[in-house]
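Inspection log for the structure reproduced underneath, given as structure tokens.
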Amino acid sequence: MSPEVLLGEAMDLKRADVYAFSILLWQLLSRGCIPFEGCSTVTEMYNTVVIGNQRPDVASIDPGHGDTEDVLSSLLRKCWAREPSERPTFMDIVDVLAPMTAVVKKMGESDLS
């Protein structure tokens, strides 16, 4: 959950969705790591995300992503901005991810060989 959702603030749902999407993207890139694994209650999540301003560790992204790793890490950090207005839009995210499709396609083809 994004900080603003945990705070129960009036929110821009699209920007809250960007935060949620980026958590999912991080999970995929880290090959299934669990974000905030030690948090089992909403209170613990609140203390971690809102009070502690913690985010998942981008260093856990699988290094097999090569040159794209820095781009992805930067994108994730932007998506996790505390202020929703500082997060990219989904169109911004598409603009970052679209050029990577050729890289991903090439990686997939080498796995099939």
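The values are calculated or read from the model by the stated rules, or taken from the named source; none is laboratory data. Predicted, not measured: the structure shown is a model, and the values here were computed from it. All Cβ positions, glycine included, derive from the backbone under ideal geometry; neighbour counts span all protein chains shown.
Data overview
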| quantity | calculated |
| --- | --- |
| Among the candidates Ser40, Ser85, Ser113, residue that is at pLDDT 90 or above, more than 13 Å from the chain's Cα centre (by Cα) and surrounded by fewer than 12 Cβ atoms within 10 Å (Cβ to Cβ) | Ser85 |
| Filtered residues of segment 1-45 (kept if without any contact (Cβ under 8 Å) to a residue 12 or more places away in the chain, over 19 Å from Thr89 (Cβ atoms), assigned to a helix (DSSP H, G or I) and hydrophobic (A, V, I, L, M, F, W, C)) | Leu28 |
| Of all residues making up segment 46-74, the number that are at pLDDT below 80, in a loop (DSSP other than H, G, I, E, B) and in contact with a Phe, Trp or Tyr (Cβ under 9 Å, 6 or more places away or on another chain) | 1 |
